[in-house]
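The values are calculated or read from the model by the stated rules, or taken from the named source; none is laboratory data. On a predicted model such as this, the values are computed, not experimentally measured, just so you know. Reconstructed Cβ throughout: ideal geometry from the backbone, glycine too, with neighbour counts over all protein chains shown.
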Amino acid sequence: MIKLRHLLALAGAMGTLSVVYAANGPGPKKPVGKDPVDYVNPNIGNISHMLVPTYPTTHLPNSMMRVFPVRHDYTTNRIGGLPLIVTHHREESSFNFYPYQGSESGITPTTTLSYDQEKITPYRYKEYLDEANIATDFAPSHQSAVYSISFEKQGAPYLVFNCGRGELKASGSVISGHKSLGNKTSVYIYAVTDVAPSKTGTAAKDGGVEWNGPASGSLVVAYPAGTKKIGMRYGVSFISVEQAKKNLDREIKNFDVNAVAEAGRKIWNEALGKIAVSGASDKETTVFYTSLYRTYERPTVISEDGKYFSASDGKVHSDEGHPFSTDDWTWDTYRAAHPLRVLINKQDENNILNSYILMSEQTGKGWFPTFPGVSGEQHCMNSNHGIASVADAYAKGLRGFDLARAYAACKASIETKSLLPWSYAPSGELDDFFKKNGYLPALKPGEKETVANVSDWEKRQPIAVTLGTSFDEWCLSQIAQDLGKTDEAAHYLKNSYNYRNVFNPKTGFFHPKDKDGNFIEPLDYRIDGGPGARQYYDENNGYVYRWDVQHNIGDLVKMVGGDEKFVDALEDMFNEGYPGSRWDFYATLPDHTGNVGMFSMANEPAFHIPYLYNYAGAPWRTQKRIRSLLDEWYRNDLMGIPGDEDGGGMTAFVVFSEMGFYPVTPGSPTYNIGSPCFPYVKMNVGNGKYFEIKAQNASFTNKYIQSAKLNGKPLNQPWFKHSDIANGGVLELVMGPVANKSWGVNSPPPSAAPMP
């Protein structure tokens, strides 16, 4: 197959905001003709190291219409038809179709097709079906799209549609239908072809066509013999077929794939152009813009002509001028994807938080969503980290949502909803225990589960829940303080120290306790806890969760034994080997990939860890470690992502880290400084203001900060405040090949307030 090609020359134009320049140094050079979207390689990560690969998704930023090839991963040379809309990241297209020429007896409801010459960009998807000699070309708008299908063989062409749980029908040149997504949610389609069909029918399971048969989830449309090209434009909706038609008519009025693709290309360049980078290799630039593209895949805006269908109550609502969003994996995205929007897409973040407030109210339960999906709250993973996104946005100056209503939903998520992983039930006996004792108890070895609502597979995850909820309650305390609720702020601040209740001072690790307050022993922090270590942790082992106190790293430094012991513990983690064979380790911990020792670059709870040296007087080690991790695990190739990308959760980490800073503590208006990959970065922070990073001499070798200035003043600390850059600013760094071990040593980033 012919894959996307990437030019070796480093260059590109970025419109009126910014330009990617060919670079022999940090200063602007003559543009050489590449736009930001030209650096996007949707095939990065399409072959997974262990679990779910990335998908080469064609879509506009945060739009309903999105497609990717109907296949398991990049290694196959067959696809299960052509996609029409993907409504969930890890599912096949809700509607798909395939073009066909040949005997009618060979038509079946679904098929697989051999393909070649695949070319995928964010705004266009082209494929050649080599056995069938059919060429396809696709371009999306926000809620509609257009296909062009060209037939080379003789004989009548057919289009065979399938939607599974639903119904499709044809009337003249119009194809319409719906598919059930569950929870009273459906997706609808309205399509028009530029060639009138000769007949329509239903594909028989064992082959052949029942012409003029009853409507079903399969539809066969035959076109006149001699037809060499068919254009199809279509709209989709979560409201109705009629609304799908309106969406189509509003966005795409003809069958010109080139025009729709060109409009999409412009939209992508505007979105990606909010951050300009220059001066690094083609590899870093491609990884950067591909990562930024991934952060625009979710959440999805589902407002249609000012209305939206909410699976939270099964009704259609007016969006009252605020586009409604859903489909967000908050456990993953609160860490970096939401903070990134706070910087470059403030109004979008306001609208997203407004959407989640409405969801919490529409359910009738009043709980802030954890994994909001198109078909409703998915309640995946553990903890309630949407609270962090509310706290972070408000702490950084966003005021486009009702903080009091958000607080009510966030508080209810802690007080009246069960803290059990993957649970959407009211509080129960384990929650009562947690509130009384300040930790979730683990089962003793051999002890059987008797508590209702504990998942047989997900288990209790007591350390993950205790640490995650400690952070959530710290975030809740910040919101309460902003609302003037000082007593509640003090209460939740006190609870935010509950992580201390499961700290084992003998080992320096967070260690599961039983209901009697005894540590579970013996315990191997590398491997124990059953599948995914879920009996104690979650997807990661005790080495990763040793650092899961995002709000109070300063306290953790003291608990571990001070700066020197803290740094030694970090180094030990990065150098600790597998307890046995690698395959045995991954058989137990398949999510714990991207390993450097016992550190997992592939899983979100590890993302802030490389920055923690900043808190213990060794910023140079953060600079060294972050650059080596980026180089090892984020590459411009088919295995260039170490784990599940998770809707922008992982790639937002890459965007921040390649720029040279990271929000270690969402909810705190501060950023940790790492090591920039680019000599020059220019970020549009809104209102005509820009934040610039000028990293003199920055390169793979020159990764160490020698000195720094922020807004013209000397900076001798490895962090800065959001207020320093909110209205624009300049961070100037002088980089070199040998560490300046005295820079930033005595001014660690801030942590939570002292124990009340």
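Find the strands (runs of 3 or more DSSP E) located wholly in the range 100-170 whose residues include 2 or more that are more than 26 Å from SER291 (Cα to Cα), and list them.
124-129, 134-140, 144-151, 157-162
State yes or no: is LYS245 out of contact with any His (no Cβ under 8 Å at 6 or more places or on another chain), surrounded by fewer than 17 Cβ atoms within 10 Å (Cβ to Cβ) and assigned by TED's automatic domain parsing to the domain that holds VAL174?
It is false that LYS245 is out of contact with any His (no Cβ under 8 Å at 6 or more places or on another chain), surrounded by fewer than 17 Cβ atoms within 10 Å (Cβ to Cβ) and assigned by TED's automatic domain parsing to the domain that holds VAL174.
Out of (1) part of a loop (DSSP other than H, G, I, E, B); (2) under 15 Å from the mean Cα position of the chain (by Cα), what's the single condition that is false for ALA280?
(2)
Please give the number of the condition SER455 fails out of (1) without any contact (Cβ under 8 Å) to a residue 60 or more places away in the chain; (2) under 16 Å from LYS411 (Cα atoms); (3) among the hydroxyl-bearing types (Ser, Thr, Tyr).
Here SER455 meets the rest and fails (2).
Limited to the range 517-548, what total is found for residues that are among the aliphatic types (A, V, I, L, M), part of a loop (DSSP other than H, G, I, E, B) and touching a helix residue (DSSP H, G or I) at 6+ places or on another chain (Cβ under 7 Å)?
Step one: filter the range 517-548 for residues among the aliphatic types (A, V, I, L, M), giving 520, 523, 527, 533, 544.
Subsequent filtering for residues that are part of a loop (DSSP other than H, G, I, E, B) retains 520, 523, 527.
Among the residues that remain, those that are also touching a helix residue (DSSP H, G or I) at 6+ places or on another chain (Cβ under 7 Å) are: 527.
Residues that pass the stated criteria total 1.
Go over the candidates ALA695, ALA726 one by one and state the one that is more than 29 Å from LYS558 (Cα to Cα), crowded, with 24+ Cβ neighbours inside 10 Å and touching a residue at least 60 places away in the same chain (Cβ under 8 Å).
When all the criteria are applied, what remains is ALA695.
Check ASP327 against each of (1) under 14 Å from the mean Cα position of the chain (by Cα); (2) crowded, with 24+ Cβ neighbours inside 10 Å and name the one condition it does not meet.
Unmet condition: (2).
Among the candidates ASN541, ASN552, single out the residue that is modelled with pLDDT of 95 or more, surrounded by 19 or more Cβ atoms within 10 Å (Cβ to Cβ) and over 30 Å from SER48 (Cβ atoms).
Among ASN541, ASN552, only ASN552 is modelled with pLDDT of 95 or more, surrounded by 19 or more Cβ atoms within 10 Å (Cβ to Cβ) and over 30 Å from SER48 (Cβ atoms).
Please give the number of the condition SER742 fails out of (1) among the small types (Gly, Ala, Ser); (2) assigned by TED's automatic domain parsing to the domain that holds SER477; (3) surrounded by fewer than 17 Cβ atoms within 10 Å (Cβ to Cβ).
Condition not satisfied by SER742: (2).
Which of the following residues is assigned to a loop (DSSP other than H, G, I, E, B), among the acidic types (Asp, Glu) and more than 27 Å from GLY530 (Cα to Cα): ASP591, ASP644, ASP637?
Working: ASP591 fails: more than 27 Å from GLY530 (Cα to Cα); ASP644 fails: more than 27 Å from GLY530 (Cα to Cα).
Checking each option against the conditions leaves just ASP637.
Could you identify the single residue in ALA139, ALA170, ALA156, ALA132 that is within 32 Å of the chain's Cα centre (by Cα) and among the aliphatic types (A, V, I, L, M)?
Numbers: ALA170 fails: within 32 Å of the chain's Cα centre (by Cα); ALA156 fails: within 32 Å of the chain's Cα centre (by Cα); ALA132 fails: within 32 Å of the chain's Cα centre (by Cα).
Of the residues listed, the single one that is within 32 Å of the chain's Cα centre (by Cα) and among the aliphatic types (A, V, I, L, M) is ALA139.
Out of all the residues in the range 425-440, is one or more in contact (Cβ under 8 Å) with a residue 60 or more places away in the chain, among the acidic types (Asp, Glu) and at negative phi?
No, the range 425-440 contains no residue that is in contact (Cβ under 8 Å) with a residue 60 or more places away in the chain, among the acidic types (Asp, Glu) and at negative phi.
Can you find a residue that is under 26 Å from THR54 (Cα atoms) and part of a helix (DSSP H, G or I) anywhere in the range 659-682?
Yes, some residue in the range 659-682 is under 26 Å from THR54 (Cα atoms) and part of a helix (DSSP H, G or I).
Scanning for something under 29 Å from GLU521 (Cβ atoms), in the same structural domain as PRO421 (by TED's automatic domain parsing) and out of contact with any helix residue (DSSP H, G or I) (no Cβ under 9 Å at 6 or more places or on another chain), does the range 468-491 turn up at least one residue?
Step one: list which residues in the range 468-491 are under 29 Å from GLU521 (Cβ atoms), which gives 468-473.
When the remaining residues are screened for being in the same structural domain as PRO421 (by TED's automatic domain parsing), the result is 468-473.
Filter once more, keeping what is out of contact with any helix residue (DSSP H, G or I) (no Cβ under 9 Å at 6 or more places or on another chain): none.
There is no residue in the range 468-491 that is under 29 Å from GLU521 (Cβ atoms), in the same structural domain as PRO421 (by TED's automatic domain parsing) and out of contact with any helix residue (DSSP H, G or I) (no Cβ under 9 Å at 6 or more places or on another chain).
Please work out if TYR407 is part of a loop (DSSP other than H, G, I, E, B) and aromatic (Phe, Trp, Tyr).
Numbers: part of a loop (DSSP other than H, G, I, E, B): no; aromatic (Phe, Trp, Tyr): yes.
When the stated conditions are applied, TYR407 does not pass them.
Looking at (1) surrounded by fewer than 21 Cβ atoms within 10 Å (Cβ to Cβ); (2) under 29 Å from ARG635 (Cα atoms); (3) among the polar types (S, T, N, Q), which one does SER318 not meet, given that it meets all the others?
Evaluating SER318 over (1) surrounded by fewer than 21 Cβ atoms within 10 Å (Cβ to Cβ); (2) under 29 Å from ARG635 (Cα atoms); (3) among the polar types (S, T, N, Q) leaves (2) as the failure.
If we scan the range 64-83, do we find a residue that is touching an Asp or Glu at 6+ places or on another chain (Cβ under 6 Å), part of a loop (DSSP other than H, G, I, E, B) and in contact (Cβ under 8 Å) with a residue 60 or more places away in the chain? So that I can check it myself, show each step before the final result.
Going through the range 64-83, the residues touching an Asp or Glu at 6+ places or on another chain (Cβ under 6 Å) turn out to be 70.
Then keep just the ones that are part of a loop (DSSP other than H, G, I, E, B); that gives 70.
If we keep only those that are in contact (Cβ under 8 Å) with a residue 60 or more places away in the chain as well, we get none.
No: the range 64-83 contains no residue that is touching an Asp or Glu at 6+ places or on another chain (Cβ under 6 Å), part of a loop (DSSP other than H, G, I, E, B) and in contact (Cβ under 8 Å) with a residue 60 or more places away in the chain.
How many residues are outside any loop (DSSP other than H, G, I, E, B) and among the aliphatic types (A, V, I, L, M) if we restrict to the range 698-756?
Number satisfying all stated conditions: 8.
So PHE678 fits all but one of (1) touching a strand residue (DSSP E or B) at 6+ places or on another chain (Cβ under 7 Å); (2) surrounded by fewer than 24 Cβ atoms within 10 Å (Cβ to Cβ); (3) farther than 30 Å from PHE471 by Cα; what number is the exception?
(2)
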